[in-house]
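**Q** Sharing a structure here in structure tokens format.
The values are calculated or read from the model by the stated rules, or taken from the named source; none is laboratory data. Being a predicted model, the structure only gives us computed values, none of them experimental. Virtual Cβ from ideal backbone geometry, glycine too; neighbours counted across all protein chains shown.
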């Protein structure tokens with residue numbers, strides 16, 4: 001396949017960025033999207049230019065490191081995948097592909113397509129856990145948990161922290177990310193004890209970090225590579241109201 | 001030459017760990033606050049260690065090269081974690097888990113360490129459940145188990161096909177809690193480039209900040225390496241792109257012995273290689289072998305027609321299929337250990353019975369399981385794996401068998417450690433995949449998660465105190481001493497040299513060539529001639545690397561090419577050591593298969609008389625041969641036997 005690429009290049013956090021056009025030829029439809037970028041970078045290196053900097057690591061859709069807008073969609077034109085799982089067979093020969101970093105105040109650009117998502121770590125540090133020290137646990141089967149609840153908790157816990165929900169949201173809200181963690185833990189007896197406190201602290205931190213508000217457009221759910229559901233946001237709201245009222 | 005003292009405690013095997021704990025030195029709470037510990041890597045081992053040490057009161061500095069500690073490659077582990085809970089009432093016990101692990105490792109691991117691992121395995125499950133890890137459950141609300149290779153019981157706990165992710169998030173959350181409390185200082189995007197040794201003790205690290213490109217210094221009373229495995233020396237592997245050996249390698253070059261470097265695991269069920277541009281291989285969990293049946297065509301003509309795309313797998317009738325694992329190993333069938341399954345696949349493909357366009361693939365077929373259990377059950381068990389397969393291969397595994405082939409997956413070898421998980425450098429510890437100790441020559445499925453968390457939650461937090469108890473009078477020290485100056489200068493010199501080459505070829509060009517040498521000669525089948533050839537080829541390619549490499553950009557900037565170059569520079573040296581170790585070990589055991597040493601049936605032929613030892617290598621200079629010391633392996637609780645999965 002032969003393709004035209006428009007890629008956001010930005011030297012540093014403070015530098016001005018711009019789109020730069022590249023042409024790339026002979027790409028196999030079986031290669032992944034990131035492998036296509038590898039081929040581009042090899043060509044750039046050969047001509048003595050700096051390669052396009054983008055974050056990636058596991059390349060199997062689970063570490064959450066990669067993430068760019070491809071033609072305006074977080075992780076590109078396919079459902080339930082990350083950018084590393086996107087394959088070139090989803091494109092046509094001769095296509096123009098526009099590639100940009102996440103755009104959100106809470107995720108400043110570091111260089112080219114790489115952004116700083118440490119705000120997500122700060123959110124988890126704000127009560128996104130069960131306060132239990134090592135060695136402090138009863139037998140694992142001492143508390144039975146309904147299978148349905150455990151499954152729902154697992155659905156929410158599947159979040160990979162890639163930031164696509166924030167990138168998809170016109171308000172750059174982190175509601176889906178926060179609600180996934182709040183739901184995961186609130187659904188389980190082990191996490192229920194601190195649930196109220198967790199909801200209010202994480203929401204306050206979300207505001208402090210510069211994420212926007214939720215206006216229920218559902219864009220986050222549509223673009224989440226792991227299929228995290230909006231019902232988690234309902235659950236977060238419920239936990240939040242309970243904490244505000246009590 | 002380093003003298004290897006494994007420090008195995010006295011007493012019968014089932015009492016060793018409790019004997020150790022009752023006699024070891026501890027550090028009192030007031031003193032813990034005065035002691036700093038550096039933890040490098042935030043995977044299962046690193047994150048669990050950092051969290052546990054911080055909870056106990058130590059001050060921890062944690063480092064990872066990723067943008068967040070949650071992204072360490074433990075996250076990609078799919079299938080599960082073993083424990084000797086015996087919840088299914090199928091006859092499991094600590095002894096049986098211990099026995100299976102030693103046998104699975106082909107009797108090349110240290111008995112006392114493995115017993116302790118089995119002993120603490122149950123605590124891990126308890127701990128993870130308490131953290132809110134959403135393990136799979138049965139309708140009665142109790143935890144569910146499944147089977148993995150090399151075991152006759154169901155002892156594997158799992159969270160769909162994302163067990164590693166869920167366990168890592170549990171540890172990451174525990175770590176995040178301690179970060180918020182100020183007990184952990186977290187440094188993401190900082191890659192450890194050197195270890196600082198003062199008066200023969202590990203006292204700090206030199207890192208490169210990936211964003212600014214600047215080097216920085218950190219000091220501590222002890223340094224823990226939890227840096228994972230080195231499978232990326234093969235270029236194509238199931239590792240993350242950034243996984244590397246550099247911190248462990250610098251420790252080796254500073255005097256830490258490296259144990260059994262040639263022991264790497266080749267996982268039988270990965271998506272096959274399909275092109276030159278490929279950057280990594282994707283694993284399909286071993287759990288699939290619970291329900292999937294592995295086969296190739298019985299007749300070579302059929303295999304050829306499949307390779308050419310003339311017929312489809314469904315066109316081959318039942319009697320035309322060779323379920324070769326069930327045929328060769330009726331007792332364990334599709335659930336033989338990984339090394340056995342990988343070699344059997346290679347044997348069929350080499351003999352011309354392979355499938356796929358390259359002939360380097362075998363089928364993993366779910367037809368029978370779907371008929372028996374229904375598509376919904378299979379989807380509930382393996383849905384995310386099937387989806388992952390379909391996205392990559394563009395084929396629907398509910399309708400047509402998966403195609404799989406072995407790939408590099410895990411390093412059993414690593415830094416040599418004693419019973420306390422301390423390397424031959426005092427104050428330098430290695431945990432998880434980064435050390436060599438528990439898996440011998442082959443790791444059983446679902447045991448990596450167990451070992452990482454055992455080391456981090458339940459072993460190191462005890463054993464490191466035995467060392468730190470003697471350090472309570474050592475005040476926090478500054479990083480401006482001459483040893484820090486020297487270590488930082490060394491790192492800067494390497495970075496400068498790499499940037500100054502300004503040759504013509506990219507890092508990946510070299511890395512791919514190195515990977516090819518390694519895969520062909522130090523991979524699934526090894527022999528003397530090829531290993532000797534590989535050593536020379538690696539040396540030659542390493543010289544070319546240092547004279548013709550090109551890195552664009554500036555050193556003091558976010559420069560991924562420079563990052564890759566520092567890692568690949570170390571892989572060259574490691575690759576040579578792996579070949580030397582494989583050459584030295586004139587026997588076949590576990591993942592190490594020397595073609596000269598096999599039974600008539602093609603099974604690995606061990607030589608316990610001459611090789612029942614850990615080969616611990618010491619660095620003598622880049623262009624000098626390393627020196628090997630033996631740690632004899634004594635088997636007191638288990639009788640040495642030829643492995644038999646028939």
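**Q** Yes or no: the range A:152-169 includes at least one residue that is at the interface with another protein chain (Cβ under 7 Å from one of its Cβ atoms), out of contact with any strand residue (DSSP E or B) (no Cβ under 7 Å at 6 or more places or on another chain), buried (at least 21 other Cβ atoms within 10 Å of the Cβ) and farther than 26 Å from residue A:83 by Cα.
**A** No, every residue in the range A:152-169 fails to be at the interface with another protein chain (Cβ under 7 Å from one of its Cβ atoms), out of contact with any strand residue (DSSP E or B) (no Cβ under 7 Å at 6 or more places or on another chain), buried (at least 21 other Cβ atoms within 10 Å of the Cβ) and farther than 26 Å from residue A:83 by Cα.
**Q** For residue A:31, state whether it is more than 10 Å from every other protein chain (Cβ to nearest Cβ) and farther than 30 Å from residue B:48 by Cα. Steps first, answer last, please.
**A** Working: more than 10 Å from every other protein chain (Cβ to nearest Cβ): no; farther than 30 Å from residue B:48 by Cα: yes.
Criteria not met by residue A:31.
**Q** Let me ask something additional. Can you tell me which residues in the range A:42-56 are assigned to a loop (DSSP other than H, G, I, E, B) and within 7 Å of chain B (Cβ to nearest Cβ)?
**A** Answer for the range A:42-56, where residues must be assigned to a loop (DSSP other than H, G, I, E, B) and within 7 Å of chain B (Cβ to nearest Cβ): A:48, A:49, A:50, A:51, A:53, A:55, A:56.
**Q** Taking the range B:360-388, which residues are under 30 Å from residue B:598 (Cβ atoms) and surrounded by fewer than 20 Cβ atoms within 10 Å (Cβ to Cβ)? Step through it out loud before you land on a result.
**A** Taking the range B:360-388 as the starting set, the residues that turn out to be under 30 Å from residue B:598 (Cβ atoms) are B:360-365.
Correct list: B:360 only.
**Q** Still on this structure: Collect the residues in the range B:258-295 that are surrounded by 24 or more Cβ atoms within 10 Å (Cβ to Cβ), over 21 Å from the mean Cα position of the chain (by Cα) and within 14 Å of chain A (Cβ to nearest Cβ), keeping them in residue-number order.
**A** none
**Q** Here's another thing I want to ask about it. Kindly indicate whether residue B:212 is more than 22 Å from the chain's Cα centre (by Cα), part of a helix (DSSP H, G or I) and within 11 Å of chain A (Cβ to nearest Cβ). Before the answer, list the steps.
**A** Working: more than 22 Å from the chain's Cα centre (by Cα): yes; part of a helix (DSSP H, G or I): no; within 11 Å of chain A (Cβ to nearest Cβ): yes.
For residue B:212, the condition - more than 22 Å from the chain's Cα centre (by Cα), part of a helix (DSSP H, G or I) and within 11 Å of chain A (Cβ to nearest Cβ) - is not met.
**Q** Would the range B:318-326 turn up any residue that is assigned to a loop (DSSP other than H, G, I, E, B), within 27 Å of the chain's Cα centre (by Cα) and not assigned by TED's automatic domain parsing to the domain that holds residue B:524? Steps first, answer last, please.
**A** Quick first cut of the range B:318-326, residues assigned to a loop (DSSP other than H, G, I, E, B) only: B:323.
Filter once more, so that each one left must be within 27 Å of the chain's Cα centre (by Cα): none.
Checked against the condition, which is being assigned to a loop (DSSP other than H, G, I, E, B), within 27 Å of the chain's Cα centre (by Cα) and not assigned by TED's automatic domain parsing to the domain that holds residue B:524, the range B:318-326 yields no hits at all.
**Q** Scan the range B:109-128 for residues that are surrounded by fewer than 24 Cβ atoms within 10 Å (Cβ to Cβ) and more than 18 Å from residue B:6 (Cβ to Cβ) and report the count.
**A** Matching residues across the range B:109-128 total 4.
**Q** Could you tell me whether residue A:38 is over 13 Å from the mean Cα position of the chain (by Cα) and within 9 Å of another protein chain (Cβ to nearest Cβ)?
**A** yes
**Q** Here are some residues: B:451, B:399. Which one is outside any loop (DSSP other than H, G, I, E, B) and under 30 Å from residue B:378 (Cβ atoms)? Working first, answer last.
**A** Numbers: B:399 fails: outside any loop (DSSP other than H, G, I, E, B).
Sole residue among the options that is outside any loop (DSSP other than H, G, I, E, B) and under 30 Å from residue B:378 (Cβ atoms): B:451.
**Q** Tell me, please, whether a residue that is surrounded by 15 or more Cβ atoms within 10 Å (Cβ to Cβ), modelled with pLDDT under 95 and either within 14 Å of chain A (Cβ to nearest Cβ) or outside any helix (DSSP H, G or I) (or both) can be found in the range B:333-343.
**A** yes
**Q** Any residue in the range B:289-312 that is in a helix (DSSP H, G or I) and in contact (Cβ under 8 Å) with a residue 60 or more places away in the chain? Let's see the steps before the verdict.
**A** Let us first name the residues in the range B:289-312 that are in a helix (DSSP H, G or I), namely B:289-290, B:300-307.
Imposing the further condition that a residue be in contact (Cβ under 8 Å) with a residue 60 or more places away in the chain reduces the set to B:289-290.
Among the residues of the range B:289-312, at least one is in a helix (DSSP H, G or I) and in contact (Cβ under 8 Å) with a residue 60 or more places away in the chain, which makes the answer yes.
**Q** Can I ask one more? Which ones in the range A:57-75 are within 12 Å of chain B (Cβ to nearest Cβ), more than 12 Å from the chain's Cα centre (by Cα) and touching a residue at least 24 places away in the same chain (Cβ under 8 Å)?
**A** First, the residues of the range A:57-75 that are within 12 Å of chain B (Cβ to nearest Cβ): A:57-67, A:75.
Checking which are more than 12 Å from the chain's Cα centre (by Cα) leaves us with A:57-60.
Answer for the range A:57-75, where residues must be within 12 Å of chain B (Cβ to nearest Cβ), more than 12 Å from the chain's Cα centre (by Cα) and touching a residue at least 24 places away in the same chain (Cβ under 8 Å): A:58, A:59, A:60.
**Q** Between A:195, A:208, which is closer than 25 Å to residue B:136 by Cβ, free of Cβ contacts under 8 Å to residues at least 60 places away in the same chain and not assigned by TED's automatic domain parsing to the domain that holds residue A:101? Walk me through it before giving the result.
**A** Working: A:208 fails: closer than 25 Å to residue B:136 by Cβ.
It is A:195.
**Q** Which fully enclosed helices (runs of 4 or more DSSP H) of the range A:188-246 have 3 or more residues being over 19 Å from the mean Cα position of the chain (by Cα)? Give the derivation first.
**A** Values: elements: A:189-192, A:195-208, A:219-223, A:231-245.
Correct list: A:189-192, A:195-208, A:231-245.
**Q** Here is a follow-up. Going through the range B:63-91 one residue at a time, which ones are within 14 Å of chain A (Cβ to nearest Cβ) and within 17 Å of residue B:119 (Cα to Cα)?
**A** Scanning the range B:63-91 gives B:81, B:82, B:83, B:84, B:85, B:86, B:87.
**Q** What are the pairs, 6+ residues apart or on separate chains, where a residue within the range B:141-157 that is closer than 16 Å to residue A:151 by Cβ and away from chain A (no Cβ under 13 Å) has its Cβ under 8 Å from a residue that is at pLDDT below 95 and part of a strand (DSSP E or B)?
**A** Listed pairs, sorted by first residue: none to list.
**Q** Now a separate question. Taking the condition of being in contact with a helix residue (DSSP H, G or I) (Cβ under 7 Å, 6 or more places away or on another chain) and closer than 29 Å to residue B:135 by Cβ, how many residues in the range B:407-428 meet it?
**A** Matching residues across the range B:407-428 total 6.
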